[in-house]
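Novice: Quick one: the structure is below, questions incoming.
The values are calculated or read from the model by the stated rules, or taken from the named source; none is laboratory data. None of these values were measured; they are calculated from a predicted model. Here the Cβ positions follow ideal geometry from the backbone for every residue, glycine too, while neighbour counts run over all protein chains shown. Ligands, DNA and RNA are stripped out before the accessible areas are found, and what is left, the full protein with its side chains, is counted by its heavy atoms. Shrake-Rupley method; radii C 1.70, N 1.55, O 1.52, S 1.80 Å.
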Amino acid sequence: MSPTSILKRKKSVKSASNTEGRLVPRKVAFDWSQTPLEWIPGQPFASHFINEINLLLPAGEFWFCRLYNKALPLVTDEKLRDDVQMFVRQEAMHARAHGSALVDYLHTHGIETESNTRREDWLFETLLSDDLFGRKTPKFLERRWLVFRLGIIAAIEHMTCVLGNYALDNKEWEKGDPVLLDLLRWHGAEEVEHRSVAFDLYKHLGGGYPSRYYLATIVMPMIFGLWVEGAAHIMRQDPRFKAKKPSVFRPWVWLEWQRVAKTGQLPSLFWLLKSQLPFFSPWYNPVHEGSTEQALAYLNSSPAAARAREFKAAA
Ligand SMILES: [Fe+2]
Ligand SMILES: [Fe+2]
């Protein structure tokens, strides 16, 4: 076969990547000095509920990065390989940004987070580590265990894309603190921008529909449970909610969530569950789950990204 026909053949083979253009890792710098704990004025429940994501995300996103670096040598599609590398850089920046909110914002306001984040650390660093149940994974299971975990990430990334769209569209939050809103929208916009990568990688390495289906049924309730428990953990530290003894195992936090959701300050549980349905379809394609144009429009105007560029120029 001549080099020209090889090139033609290469061009006709469909890429495993569904991401348009090249992903861009953006540096950001947030100034937390003026952000109040009740960052949506008059809405302590919604403020704590959203503040919780700073507890939940860093451990999970660093786990994504470790796993993707492990999967990278197995990727044979050039474009997808680049997507994965850029995805890792974006997720690492997300984890660092939420980590900075944890230390410079929540801790500054006296919120104790460690007893909660310890659970996430165990989940991502022990239970879902390369070792199965604390023992070295047998060679023949290594790839399956890897693809299984990539399926978990694909399910989570569908959720983060849904939430990214929500953050970009929520007008009620515009009454709140601009720095926290920027964190949510910058992160949300990058989730929308890289929404296809996890699913493309999972499929490229052999992940199939049945396992995606059952994985999602396990992962989605687990994430909602962790989120609600983390939010309850913050609420237990607020004298206004102490008497309610907030807990994931008590109805109050779930009922109050639905009540507050009606005011437009939070997505409702029903809406979130409904938004997960497309992932269960055999024809699911993340491309249809968001607008890259809308995401890029926000990313080009993010104050934290502009601040990081100013720091770089001044250095
Ligand atoms: Fe992220
Ligand atoms: Fe993501």
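Novice: Need pairs with beta-carbon distance below 9 Å; first residue farther than 13 Å from residue 203 by Cβ and within segment 68-81, second among the aromatic types (Phe, Trp, Tyr); sequence gap 6+ or separate chains.
Specialist: Close Cβ pairs satisfying both conditions: 68/87.
Novice: Next question. Any residue that is more than 16 Å from ligand 1 (Cβ to nearest atom), farther than 24 Å from residue 81 by Cα, at pLDDT 95 or above and not in a loop (DSSP other than H, G, I, E, B) - is there at least one of those in segment 129-145?
Specialist: The answer is no, given that none of the residues of segment 129-145 is more than 16 Å from ligand 1 (Cβ to nearest atom), farther than 24 Å from residue 81 by Cα, at pLDDT 95 or above and not in a loop (DSSP other than H, G, I, E, B).
Novice: Being open to solvent by 30 Å² or more (accessible area, probe 1.4 Å) and either among the polar types (S, T, N, Q) or not in a helix (DSSP H, G or I) (or both) is the filter here, so list the residues in segment 185-207 that pass it.
Specialist: Step one: of segment 185-207, the residues open to solvent by 30 Å² or more (accessible area, probe 1.4 Å) are 203-204, 206.
Scanning segment 185-207 gives a single hit, 206.
Novice: Okay, next question. Has segment 162-183 got at least one residue that is farther than 30 Å from residue 263 by Cα and open to solvent by 20 Å² or more (accessible area, probe 1.4 Å)? Explain how you work it out, then say what you get.
Specialist: Restricting attention to segment 162-183, the residues satisfying the condition of being farther than 30 Å from residue 263 by Cα are none.
No: segment 162-183 contains no residue that is farther than 30 Å from residue 263 by Cα and open to solvent by 20 Å² or more (accessible area, probe 1.4 Å).
Novice: Any residue at all in segment 266-273 that's free of Cβ contacts under 8 Å to residues at least 60 places away in the same chain and within 30 Å of residue 17 (Cα to Cα)? Talk me through it step by step, then tell me what you get.
Specialist: Step one: of segment 266-273, the residues free of Cβ contacts under 8 Å to residues at least 60 places away in the same chain are 268-271, 273.
If we keep only those that are within 30 Å of residue 17 (Cα to Cα) too, we end up with 271, 273.
Yes - at least one qualifying residue is present in segment 266-273.
Novice: Condition (residue is among the hydroxyl-bearing types (Ser, Thr, Tyr), farther than 30 Å from residue 250 by Cα and within 16 Å of ligand 1 (Cβ to nearest atom)) applied to segment 163-182: is it met by at least one residue?
Specialist: Let us first name the residues in segment 163-182 that are among the hydroxyl-bearing types (Ser, Thr, Tyr), namely 166.
Applying the additional criterion that residues be farther than 30 Å from residue 250 by Cα yields none.
No: segment 163-182 contains no residue that is among the hydroxyl-bearing types (Ser, Thr, Tyr), farther than 30 Å from residue 250 by Cα and within 16 Å of ligand 1 (Cβ to nearest atom).
Novice: Test residue 263 against the stated conditions and say whether it is exposed (fewer than 14 other Cβ atoms within 10 Å of the Cβ) and under 18 Å from residue 50 (Cβ atoms).
Specialist: Values: exposed (fewer than 14 other Cβ atoms within 10 Å of the Cβ): yes; under 18 Å from residue 50 (Cβ atoms): yes.
In short, yes.
Novice: Which residue is farthest from ligand 1 (Cβ to nearest atom), if the candidates are limited to segment 104-121 and must be open to solvent by 10 Å² or more (accessible area, probe 1.4 Å) and modelled with pLDDT of 95 or more?
Specialist: The initial filter retains those residues of segment 104-121 that are open to solvent by 10 Å² or more (accessible area, probe 1.4 Å), namely 104, 107-112, 114-115, 117-119, 121.
Cutting the leftovers down to modelled with pLDDT of 95 or more gives us 104, 107-112.
Details: 104: 19, 107: 21, 108: 23, 109: 23, 110: 27, 111: 22, 112: 24 Å.
Here the answer is 110.
Novice: Here's another thing I want to ask about it. Scan segment 37-86 residue by residue and report those that are away from ligand 2 (no atom under 16 Å from the Cβ), assigned to a helix (DSSP H, G or I) and open to solvent by less than 20 Å² (accessible area, probe 1.4 Å).
Specialist: Across segment 37-86, the qualifying residues are 45, 46, 47, 48, 49, 50, 51, 55.
Novice: Collect the residues in segment 276-313 that are open to solvent by 90 Å² or more (accessible area, probe 1.4 Å) and more than 15 Å from residue 195 (Cβ to Cβ), keeping them in residue-number order. First the steps, then the outcome.
Specialist: Looking only at segment 276-313, we keep the residues that are open to solvent by 90 Å² or more (accessible area, probe 1.4 Å), and these are 277, 283, 288, 293, 300, 309-312.
277, 283, 300, 309, 310, 311, 312 - these are the residues of segment 276-313 that are open to solvent by 90 Å² or more (accessible area, probe 1.4 Å) and more than 15 Å from residue 195 (Cβ to Cβ).
Novice: If I filter segment 212-230 for residues that are assigned to a helix (DSSP H, G or I), touching a strand residue (DSSP E or B) at 6+ places or on another chain (Cβ under 7 Å) and open to solvent by 10 Å² or more (accessible area, probe 1.4 Å), do I get at least one hit?
Specialist: For segment 212-230, residues assigned to a helix (DSSP H, G or I), touching a strand residue (DSSP E or B) at 6+ places or on another chain (Cβ under 7 Å) and open to solvent by 10 Å² or more (accessible area, probe 1.4 Å): absent.
Novice: If you don't mind, there's one more thing I want to ask. Any residue at all in segment 81-90 that is more than 12 Å from ligand 1 (Cβ to nearest atom), at pLDDT below 95 and among the aliphatic types (A, V, I, L, M)? Spell out the reasoning first.
Specialist: Step one: list which residues in segment 81-90 are more than 12 Å from ligand 1 (Cβ to nearest atom), which gives 81-86.
Filter once more, so that each one left must be at pLDDT below 95: none.
Scanning segment 81-90, I find no residue that is more than 12 Å from ligand 1 (Cβ to nearest atom), at pLDDT below 95 and among the aliphatic types (A, V, I, L, M), so the answer is no.
Novice: Among the numbered conditions (1) open to solvent by 10 Å² or more (accessible area, probe 1.4 Å); (2) touching a residue at least 12 places away in the same chain (Cβ under 8 Å); (3) more than 12 Å from ligand 2 (Cβ to nearest atom); (4) closer than 24 Å to residue 72 by Cα, tell me where residue 150 comes up short.
Specialist: All conditions are met except number (1).
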